[in-house]
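Report on the structure given below.
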Amino acid sequence: MKQLPEAQVRPSQQSAPINEELSLIAIQSKYLLKDTTQTKVFLYVDAFKGKSPISTAEFVRLYNLNYVIYSDYGTRERLGYGNVKLDSSNVSRAGDKIVIAYDIKSPDKDYGVLLSEISQTGTLKKVLNDLTIRFKRQAVNETYGVYTSSSNQPLQRHYININEPFTLKKAAGGSEQLHVFYYNHDFEAAGSPMNIAAKNVAKSLEVDSSFTINSDQQIKFEKEGLYNIFADTTQSEGLGILVVNERFPKVTRPQLLLGPLLYMSTNNEINEMRKAEDYKKALDKYWLTLMNGNAPLAQQSIRSFYGRVEEANQLFTTYKDGWKTDKGMIYIVLGPPDKVQRSKDREVWTYDQRGNAQNVNFTFNRKNNQFVDDHYELVRYAEYQPIWYPVVEAWRNGSIR
């Protein structure tokens, strides 16, 4: 009998299985009023299969959408509800985001909270989004959307890049003349969360120029700055559009890289860099000095810090850069909150643990603003000091990655 050869165990040449789990990372939303009876809602969804954005066809096949309109946060009084059949007519793509557009019947109320629920078919997985809607206000920022050539859906963000063509479209259709006021103003960055002194803020801004445009016609703005758009100049609140450089939300210019550093620097350090003839060299020296000459650690810290700055610009830009807002400041230093609680005019961010502190809350109150309807200001307390400074010091010694 022929002897059988001994079995040999060889390492498998197959790669490890790729994680292709479905996930909805985040949902942002906005609305446009067609009239006092109809509202169009837009959901901007980060939907992934593993690390890749899923297609619109897959999304339609795998997810369902239901909604409820409540009279307010914390109540169960329902003003309306329904389910939305998802198909190619109301699901599209804008960049890496899935955009869902659907109509709801507006209740005969001034205000309501729309709760949208996206659930994965055949599972218990679901993601919720809450959106406050002022059904009776027919101002330009509730009735007009900003559309670029890259998407058939309105932008969810408040900024466009310089010389980027765009069109203002009314949800109800039609064209009308709009009034534009331009402000070439450099808004200040957020102050320390411990600074409880009253702010000296001018009650009005000087308009640098004004002109008219027609809606439903493609235009572009050739100067950076803030533009406020009105259908009626007697209105107090307009549609604010911040026109930013072509690299935004990234911050790459040396002179712009300096600004966000005030959240982790002393006044002397900032002043020294501002006086430098070469911003690039001054910034390199700043980071290398903090990291005791450790160049790889300095590079990693720079990537981490300005990655947060870019995210803050994406998430929180209103009438000023996102990094300058109160939310942007907290986000850059402490990172994304572990929990967010919202009510009609308030958000509370909770951090389970930062440094030696646990269950730290930051409260943001919504404030009336002539440019945007989602301007929030932080409630400041001197008691944040023992929480804030250790995290700032962690940035300065390279402990935060």
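How large is the convex hull of the C-alpha atoms of segment 185-341 per residue, in Å³?
Values: hull volume 28.9 nm³, N = 157.
Measuring per residue, one finds 184 Å³ for the Cα hull of segment 185-341.
In the chain, a dipole from Cβ-located charges (positive for Lys and Arg, negative for Asp and Glu) runs towards its positive end, and of 107, 390, 158 it is 390 whose Cα lies farthest in that direction. Excluding same-chain neighbours fewer than eight residues apart, the lysines reachable from residue 275 by a Cα-Cα span under 16 Å are 285.
Counting only residues at least eight positions apart within a chain, or on another chain, the aspartates and glutamates with an alpha carbon under 14 Å from that of residue 125 are 21, 117.
Could you check how many percent of all C-alpha pairs in segment 50-164 are farther apart than 24 Å?
Numbers: 2431 of 6555 pairs.
More than 24 Å apart: 37 percent of the Cα pairs in segment 50-164.
Based on the Kirkwood radius over alpha-carbon pairs, what is the Stokes-Einstein translational diffusion coefficient of the chain at 4 °C with 1.567 mPa s viscosity, in µm²/s? Approximately 54 µm²/s, per Stokes-Einstein. Of the solvent-accessible surface of segment 291-401, computed with a 1.4 Å probe over protein heavy atoms with every protein chain present, carbon and sulfur atoms account for 40 percent. The accessible surface of segment 221-283, taken with every protein chain in place and a 1.4 Å probe, is 46 percent carbon and sulfur. When each of the peptides 292-301, 374-383 is scored by the mean number of other C-beta atoms lying within 10 Å of its residues, the order from highest to lowest reads 374-383, 292-301.
Please get the size of the charge dipole for the chain, origin at its Cα centre, with Cβ charges of +1 on Lys and Arg and -1 on Asp and Glu, quoted in debye to the nearest 20. Present the calculation step by step, with values, prior to reporting the outcome.
Numbers: 50 positive and 46 negative charges, 158 e Å.
Result for the chain is approximately 760 debye, rounded to the nearest 20.
Counting other Cβ atoms within 10 Å of each Cβ, which chymotrypsin sites (Phe, Trp or Tyr not before Pro) in segment 179-259 have at most 16 and sit in a DSSP loop? Mind showing how you got there, number by number?
Values: sites: 181, 182, 183, 187, 211, 221, 227, 230; in loops: 187, 221.
Those that pass, being in a loop and sparsely packed, are 187.
So what is the 222 nm mean residue ellipticity for the chain from helices alone, if each DSSP H run of at least 4 adds -39500 (n - 2.57) and you divide by all residues, rounding to the nearest 500 deg cm²/dmol? Mind dumping the intermediate values first?
On the way: 8 runs with 79 residues, N = 401.
Only helices count here, giving -6000 deg cm²/dmol.
Modelled this way, with points 7 Å down the Cα-to-C-beta line, the labels at residue 25 and residue 368 are 3.8 nm from one another. Taking the DSSP bridge list for the chain and keeping only pairs wholly inside it, about 95 percent are antiparallel. Ranking 257, 290, 238 by how far each Cα lies toward the positive end of the dipole of the chain (charges on Cβ) leaves 290 at the top.
Around residue 256, under 14 Å between beta carbons, what's the net of Lys plus Arg minus Asp minus Glu among the other residues? Working shown, then result.
Numbers: positive: 247, 250, 253, 274, 280, 320, 324; negative: 186, 224, 246, 310, 321.
Net charge around residue 256: +2.
Per residue, the average separation of C-alpha pairs within less than 8 Å and at least 6 apart gives segment 297-352 a relative contact order of 21 percent. Reducing segment 164-181 and segment 245-301 to their Cα centroids gives an inter-centroid distance of 40 Å. Expressed as a whole percent, the accessible surface of segment 90-194 that belongs to carbon and sulfur atoms is 46, based on a 1.4 Å probe.
Run down the aspartates and glutamates and flag those whose C-alpha is under 16 Å from the C-alpha of residue 280, throwing out any fewer than 8 positions away in its chain. Partners within reach: 269, 272. What the chain shows is 55 Å² of accessible area per residue, with the surface traced by a 1.4 Å probe over protein heavy atoms.
Here segment 74-117 is assigned +1 on the Cβ of each Lys and Arg and -1 on the Cβ of each Asp and Glu. Its dipole about the Cα centre then comes out at about 80 debye.
Among 51/367; 49/339; 169/344; 223/324, which pairs are too far apart, with a Cα-Cα distance over 30 Å?
Details: 51/367 37 Å; 49/339 24 Å; 169/344 28 Å; 223/324 20 Å.
Beyond 30 Å between Cα atoms: 51/367.
The values are calculated or read from the model by the stated rules, or taken from the named source; none is laboratory data. The shown structure was predicted, so the numbers you read here are calculated from the model rather than taken from an experiment. Neighbour counts run over all protein chains shown; Cβ positions are idealised from the backbone, glycine included. Heads up: the accessible areas ignore ligands, DNA and RNA and are worked out on the full protein's heavy atoms, side chains in. Shrake-Rupley method; radii C 1.70, N 1.55, O 1.52, S 1.80 Å.
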